[in-house]
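Read through the structure below, which is laid out as structure tokens, and then see the notes.
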Amino acid sequence: MLQSIRRNQIAIGVLMLAIGVAFGIYSLGFGSVLVAAETWSFYSGQLPIGTAALLGLLLGSLVLALTRRGKIAKLQSLVMDKQAREIYFQDRALNAHAIVSITDPDSKILSVNDNFLKTFEYERDEIIGQTHELIHPSPYSGAVSVFNDIFEAVKQNKVWSGEHKAITKTGKTLFMQCTVVPLHDEDGNHVKNVSMRTDVTETRLAEADRYLTSMLDKLQDEVYIYNTDDLRISYMNETALNRCEWTLKLARTKRITHTASNFEEGLFRKHVEPLFNGEKESVVIETLHDKGFVEINTRLYVGPDDVPVFVSVLRDITERKEVDRARMESVSVVSHELRTPLTSIKGALRLLQSGAAGVLEPGAAAIVDVADRNSERLLKVVNDILDFEKIRAGKMDINKRPVKLSDFIMDATTMNKGYGDEHQVKFVATGIENDAFVSGDSDRLMQVISNLMSNAVKYSPKNGTVVVNLKDTGRKWRISVSDNGPGIPESARASMFDSFVQSDPVDGIIRKGTGLGLPIAKEIVERHAGKIDFESTVGEGSTFYFELPKIESPELENPKDRAQLAAE
């Protein structure tokens, strides 16, 4: 019986030993060594066979577990290496095509990629610690509200996505497609924001350019768009290209100075000066182009990229000039025919008023007075027409001599006092300088200032005041006439000095006039190397002024000095 139990134990021990050997062999040989040691121990009688077999089994299992753990660790290492490579290539792709920045919850920049630095033209130490408000400056429309929208969205754990304007260190404006993602830690605390931007400036500008050119190409007027610094042309519409016989590709290699043989850059720069200092929104000039008379209206325009350009609209007025010339010739003929009999009628009326034909009864005297005033007005119209015709024909003589402006202004206020009294308006002369001299034809200049003063009286309220002022502007004297009438709308500026044109009154009151006074005044002033213009605010009044070159002494300047002063 004991022998039978012993044999069973031996069988079980051998079986377990075999299992231990199998595990050992599966464990790549290391377990085999241990099983051999256990077998030796068994045969040497140091341990019971069951214990030895069980120990072999346990050791084999341990070796198997260790081996599998090593394989798992190796596989994990391979997966991590693969993920690291994928992340590396994703970062490279992101950095190559996106503008990335990371900020804290208060929008302070913690880190940026190289693309951010390159796009916004900052050094890394200049941008770290700053807020994103740096690229959303307040002077630019909409920028601040977009920054606030982004800030509020991420505070509420929302992803913000949209387009916004941004500004670089050097002031260049960009259009950005942007996504901002808030990041949170394991406890749900807002710790960072990741901003990814794409520069879409070229796309936006191209869209704006296509929209603009599609409209301008169909205009009958010629349109020129060119840089303010080097005057290089960026766009001409089809009508302008036809005038110059260019293609658009060729035009973009030209400057605006190449559009006319008589284009003088120095004079043009002075012409557009008021656009830069805010004096005017547009400047208009009529000139003789290579292919006829043109009117050019130039404005300063700031595009979507905040780069200023000139936009000049050129209108061919050759036909209008021909119509004006024909009309003036007809009117001139009639005026010549009227002048002599009008002069005779006026002389006869003055004789009646003087009592040469006897004392007139009160009723008859009143009728003669009315006839005298009307004949005076009609004769003035005729003289204006004839003067304008002389000017256009280049036949008006300008006899220059030194003119002392203080005396000139006082004479003007005295001469026009009667007209002012008739309308209950007084004149006040200010800023008079005793040593203010110009070289000019005093009679023609008196014609200019009298026209400005009479216009100011007509537009002034009763008991109003018209101020005649003399001002030193450097190398020129400015004589201005100011009223506190209804003012002139900006829309009337372009035609203010055109012949036979009277702007629609703001207050609705029609004032009589020929529409020739200002055109004549403009021609006379320009014959004196000066300029005439006006400033006005609707509801407050208007100031018309003309400027004339100074002379330093009562003697006429020599031709060289005159040319220099005229250039100013």
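The values are calculated or read from the model by the stated rules, or taken from the named source; none is laboratory data. Because the structure is a prediction, the values reported are computed rather than measured. We place every Cβ from the backbone using ideal geometry, glycine too, and count neighbours over all the protein chains shown. With ligands, DNA and RNA removed, areas are computed over all heavy atoms of the protein, side chains included. Shrake-Rupley method; radii C 1.70, N 1.55, O 1.52, S 1.80 Å.
Considering segment 506-527, and only residues there that are out of contact with any Phe, Trp or Tyr (no Cβ under 9 Å at 6 or more places or on another chain) and either of a type outside the set (Val, Ile, Thr) or not assigned by TED's automatic domain parsing to the domain that holds SER454 (or both), the residue that is farthest from LEU386 (Cα to Cα) turns out to be GLY508. When we screen LYS380, LYS417 for residues that are under 52 Å from the mean Cα position of the chain (by Cα), under 29 Å from ASP498 (Cα atoms) and assigned by TED's automatic domain parsing to the domain that holds ALA521, the only hit is LYS417.
For the condition touching a residue at least 40 places away in the same chain (Cβ under 8 Å) and among the small types (Gly, Ala, Ser), what is the one hit in GLY508, GLY515, GLY487? Give the steps one after another, and end with the answer.
Values: GLY508 fails: touching a residue at least 40 places away in the same chain (Cβ under 8 Å); GLY515 fails: touching a residue at least 40 places away in the same chain (Cβ under 8 Å).
GLY487 is the lone residue from the list that is touching a residue at least 40 places away in the same chain (Cβ under 8 Å) and among the small types (Gly, Ala, Ser).
Pick from segment 264-294 the residues that are acidic (Asp, Glu) and part of a loop (DSSP other than H, G, I, E, B): which of them is farthest from SER536 (Cα to Cα)? In this case the residue turns out to be ASP290.
Only a single item in (1) open to solvent by 40 Å² or more (accessible area, probe 1.4 Å); (2) under 23 Å from PRO549 (Cβ atoms); (3) at pLDDT 90 or above is not met by SER482, and it is number (1).
Name the residues in segment 213-235 that are in a strand (DSSP E or B) and either open to solvent by 60 Å² or more (accessible area, probe 1.4 Å) or in contact with a Cys (Cβ under 7 Å, 6 or more places away or on another chain) (or both), would you? Correct list: ARG232 only.
Looking only at residues that are closer than 20 Å to THR103 by Cβ and assigned to a loop (DSSP other than H, G, I, E, B) in segment 188-212, which one is least open to solvent (accessible area, probe 1.4 Å)? The extreme case among them is GLY188. Those strands (runs of 3 or more DSSP E) of segment 377-473 in which at least 3 residues are buried (at least 18 other Cβ atoms within 10 Å of the Cβ), considering only elements entirely within it, cover 437-440, 464-472.
Taking the conditions exactly as written (in contact (Cβ under 8 Å) with a residue 12 or more places away in the chain and of a type in the set (A, V, I, L, M)), does ILE296 satisfy them or not?
Values: in contact (Cβ under 8 Å) with a residue 12 or more places away in the chain: yes; of a type in the set (A, V, I, L, M): yes.
Taking the combined requirement at face value, the residue satisfies it.
Starting from residues that are open to solvent by 20 Å² or more (accessible area, probe 1.4 Å) and farther than 21 Å from THR201 by Cα, keep the ones in segment 126-148 and report whichever is modelled with the lowest pLDDT.
Let us first name the residues in segment 126-148 that are open to solvent by 20 Å² or more (accessible area, probe 1.4 Å), namely 126, 128-131, 133-134, 137-142, 144-148.
Among the residues that remain, those that are also farther than 21 Å from THR201 by Cα are: 126, 128-131, 148.
Working: GLU126: 91, ILE128: 92, GLY129: 91, GLN130: 90, THR131: 86, ASN148: 82.
My answer is ASN148.
Out of THR170, THR179, I need the residue that is among the hydroxyl-bearing types (Ser, Thr, Tyr), closer than 20 Å to SER107 by Cβ and either open to solvent by 40 Å² or more (accessible area, probe 1.4 Å) or part of a strand (DSSP E or B) (or both). Which one?
Checking each option against the conditions leaves just THR179.
Yes or no, residue by residue, for (1) of a type in the set (S, T, N, Q); (2) closer than 30 Å to LEU174 by Cβ; (3) surrounded by 13 or more Cβ atoms within 10 Å (Cβ to Cβ):
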site: LYS280; (1), (2), (3): no, no, yes
site: VAL284; (1), (2), (3): no, no, yes
site: LEU288; (1), (2), (3): no, no, no
site: GLU319; (1), (2), (3): no, no, no
site: ASP324; (1), (2), (3): no, no, yes
site: GLU337; (1), (2), (3): no, no, no
site: LYS346; (1), (2), (3): no, no, yes
site: GLN353; (1), (2), (3): yes, no, yes
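Give ASP316, ASP372, ASP407 a once-over and let me know the one that is more than 19 Å from PRO519 (Cβ to Cβ), touching a Leu at 6+ places or on another chain (Cβ under 8 Å) and not aromatic (Phe, Trp, Tyr). Talk me through it step by step, then tell me what you get.
Details: ASP316 fails: touching a Leu at 6+ places or on another chain (Cβ under 8 Å); ASP407 fails: touching a Leu at 6+ places or on another chain (Cβ under 8 Å).
Every option except ASP372 fails the conditions.
Is it fair to say ASN297 is under 25 Å from THR537 (Cα atoms), open to solvent by 50 Å² or more (accessible area, probe 1.4 Å) and of a type in the set (S, T, N, Q)? Don't jump to the end; show me each part of the working.
Working: under 25 Å from THR537 (Cα atoms): yes; open to solvent by 50 Å² or more (accessible area, probe 1.4 Å): no; of a type in the set (S, T, N, Q): yes.
No: the conditions fail for ASN297.
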